[in-house]
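Each remark here refers to the structure printed beneath this line.
The values are calculated or read from the model by the stated rules, or taken from the named source; none is laboratory data. Keep in mind it's a predicted model, so treat the numbers as computed, not measured. We place every Cβ from the backbone using ideal geometry, glycine too, and count neighbours over all the protein chains shown. We work out accessible area using only protein heavy atoms, side chains counted, and drop any ligands, DNA or RNA first. Shrake-Rupley method; radii C 1.70, N 1.55, O 1.52, S 1.80 Å.
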Amino acid sequence: MALEYGIAYYDTLMQEEQTRLTASIRLLLHQTFILERKFDRRSGRFQYNPDFRDCNKHLEFIRSYFAVSGIEVMENTQSGIIYIQGENLMGDKLPKLATLYLLVLKLIYDEQMESVSTSVNVYTTLGEMHEKLGSYRLFKKQPSPTDIRRAVTLLKKYQVIEPLELLDDLNGNSRLIVYPCINVVLLGDDVRELLESFREDEA
């Protein structure tokens, strides 16, 4: 029944609307999360994301579409996120450095949100991330610039962070926005357990 409804709904749309709907589905598959507001480097401000509008407009159809594959489409209105989750999702395998960055970013996010933050977004630097990982004794040596760029690029793809500088210019002072998607990926208690397990492995 849901599939029949979906086909009928899709057929009622104009060609341009069908094209935007298809793009929304592909975007969710590609990056997992769609944010309501994203940082625009050119204007230096957060801008409303038209991809979010398109996805939200056709949310029931998109839910029916993904349900056929056993994938749920979730919406967090408080944080302004639409995302997909399910055991059938095949994402990128995160390298170790990207995994460590993800864990420490969650710690930084939670710490800043506890300090009476009025925004769902948090700012940090690569230096702060490395210092945090150093406190857990998870750095035997400084990662190479190539590994850092690869890890940051991957987390940017999944809407976890947004570098405020070009990837080729990354250094310890480089600022990053941590998007609220980090809350959907990890819970605080899980992060601490995983960091401890990484520390034990290093030992």
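Some notes on this structure:
- When restricted to residues that are part of a loop (DSSP other than H, G, I, E, B) and either surrounded by fewer than 18 Cβ atoms within 10 Å (Cβ to Cβ) or modelled with pLDDT of 85 or more (or both), the stretch 170-203 contains 9.
- One residue stands out in the stretch 138-169 among those that are touching a helix residue (DSSP H, G or I) at 6+ places or on another chain (Cβ under 6 Å) and in a loop (DSSP other than H, G, I, E, B): the one that is farthest from ASP110 (Cα to Cα), namely PRO143.
- Members of the stretch 60-77 that are farther than 19 Å from TYR158 by Cα and surrounded by fewer than 17 Cβ atoms within 10 Å (Cβ to Cβ): GLU60, ALA67, VAL68, SER69, GLY70
- Selection status of ILE82, more than 23 Å from LEU166 (Cα to Cα), at pLDDT 95 or above and surrounded by 12 or more Cβ atoms within 10 Å (Cβ to Cβ): yes
Rundown of residues vs (1) open to solvent by 60 Å² or more (accessible area, probe 1.4 Å); (2) farther than 20 Å from GLN31 by Cβ; (3) of a type outside the set (Val, Ile, Thr); (4) modelled with pLDDT under 90, yes/no style:
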| residue | (1), (2), (3), (4) |
| --- | --- |
| THR99 | no, no, no, yes |
| VAL104 | no, yes, no, no |
| VAL116 | yes, yes, no, yes |
| SER135 | yes, yes, yes, yes |
| PHE139 | no, yes, yes, yes |
| ARG150 | yes, no, yes, no |
| VAL160 | no, no, no, no |
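- For the stretch 112-163, a tally of residues being among the charged types (D, E, K, R) and in contact with a Lys or Arg (Cβ under 8 Å, 6 or more places away or on another chain) returns 2.
- Scan of the stretch 117-137 for residues that are assigned to a helix (DSSP H, G or I) and under 25 Å from VAL184 (Cβ atoms), ordered by number: LEU126, GLU128, MET129, HIS130, LYS132, LEU133
- Residue pairs whose Cβ atoms lie under 7 Å apart, sitting 6 or more positions apart in sequence or on different chains, and linking a residue in the stretch 95-117 that is over 10 Å from ILE182 (Cα atoms) to a partner that is of a type in the set (S, T, N, Q), are ILE108/THR124.
- Restricting attention to the stretch 133-183, the residues that are more than 17 Å from the chain's Cα centre (by Cα) and at positive phi total 1.
- The stretch 17-37 residues that are surrounded by 19 or more Cβ atoms within 10 Å (Cβ to Cβ), paired with ones that are among the aliphatic types (A, V, I, L, M) and part of a loop (DSSP other than H, G, I, E, B) (beta carbon under 7 Å, 6 or more apart): LEU21/LEU13
- Test: residue in the stretch 66-77 that is among the aromatic types (Phe, Trp, Tyr) and more than 17 Å from the chain's Cα centre (by Cα): yes
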